[in-house]
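Here's the structure, in structure tokens; my notes come after.
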Amino acid sequence: MDLGMDADLLDLARRTAAELTGPADEELHRRLTATADLDTLAAVLTESERPLWAREIAAFRLGCAGDRRAFEPLVLLLNHRDSERCVSASYALTRLGDPRTPRAAAALATNELRVAYALLPVRLLTALRAPESAPALITTLERRLAPGDPHWRLALACVEGLGSLADDRARPVLEAARSHPRLSAAASAALSRLSRVP
């Protein structure tokens with residue numbers, strides 16, 4: 001069974017290797033990156049006192065294999081303060097194909113208490129092109145247009161995502177985004193994509 005692209009697993013293995021603290025960690029790391037047994041990987045997600053890096057490797061490999069036991073751990077990692085873990089989780093969730101993913105990503109993208117970590121959920125919603133995608137991006141962008149809002153990179157990701165989705169429901173918020181200097185060019189480009197939609 002395909003447990004994920006070699007290059008992506010190699011990147012993950014290299015990054016998590018920096019978190020190892022001794023021989024026992026090194027052996028566990030080797031085992032998790034080499035095993036082809038999905039049950040072995042899944043067991044790491046439920047065993048107590050496993051380090052975060054071990055759970056990340058197990059969830060990533062299960063997700064890339066299409067094993068839905070990875071869903072909840074990957075959603076937690078998607079909203080992690082470490083952006084590299086968010087990227088890894090987003091990659092695996094895209095390949096997992098779980099129908100719950102768009103709703104979970106939308107909930108994370110629109111959670112104002114976690115707005116600082118919403119960038120990867122927004123990008124994942126764009127990639128998924130699910131029914132939940134455009135409404136969540138519209139809601140998130142509307143909030144980011146408030147005067148003095150500091151999360152302009154998140155707003156830009158929403159603008160670009162809405163342009164990619166080309167959903168006409170985004171027209172009003174994209175028109176509003178054109179008045180923001182950091183968003184103006186991207187909003188104009190997104191609106192031009194809407195105008196080309198039949």
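The values are calculated or read from the model by the stated rules, or taken from the named source; none is laboratory data. Keep in mind that this is a model prediction, so the values were computed, not measured. For neighbour counting, all protein chains shown are included, and Cβ atoms are generated from backbone atoms with ideal geometry for every residue, glycine included. Quick note on the areas: whole protein, heavy atoms, side chains included, nothing else; ligands and nucleic acids left out. Shrake-Rupley method; radii C 1.70, N 1.55, O 1.52, S 1.80 Å.
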Tell me the Kirkwood radius of the chain: reciprocal of the mean inverse pair distance over distinct alpha-carbon atoms, in Å.
17.8
Residues meeting the amide H criterion for D82 (H placed from the backbone, H to H distance under 5 Å, 5 or more places apart or on another chain) are none
For E27 and A7, compute 0.36 nm times the residue count separating them, minus their Cα-Cα distance, and round to one decimal in nm.
5.1 nm
Taking 1 over the mean of 1/r across every pair of different Cα atoms in region 82-198, what Kirkwood radius in Å do you get?
14.1
Distance-filtered residues of region 56-84 - backbone nitrogen under 15 Å, label point 7 angstrom along A107 Cα→Cβ:
71-80
What does the extension gain come out to for E84 and R100, with contour length at 0.36 nm per residue minus their alpha carbon separation?
3.5 nm
Give me the percent of the accessible area of region 1-101 that comes from carbon and sulfur atoms, probe 1.4 Å, all protein chains in place.
52
Under 8 Å for C-alpha pairs, at least 6 residues apart: give me the relative contact order for region 70-129, rounded to a whole percent.
35
How big is D for region 23-134, in µm² s⁻¹ as a whole number, if Stokes-Einstein is applied with the Kirkwood radius of its Cα pairs at 25 °C and 0.890 mPa s?
173
1/(1 + (r/R0)^6) with r = Cβ-Cβ of R171 and A127, R0 = 25 Å, i.e. FRET efficiency to nearest 0.05, evaluates to 0.70
Using per-residue counts of other Cβ atoms within 10 Å, averaged over each peptide, order 30-37, 182-189, 132-139, 43-50 from highest down.
132-139, 182-189, 30-37, 43-50
Normalised contact order of region 92-198, rounded percent, pairs of Cα under 8 Å and 6 or more residues apart
21
State the extension gain, in nm to one decimal, for the chain segment bounded by T40 and L145, taking 0.36 nm per residue of separation less the distance between their alpha-carbons.
33.2 nm
Using only alpha carbon pairs under 8 Å that are at least six residues apart, calculate the relative contact order of region 111-159 and give it in whole percent.
40
How much area per residue is accessible in the chain when the probe is 1.4 Å and only protein heavy atoms are counted (Å²)?
51
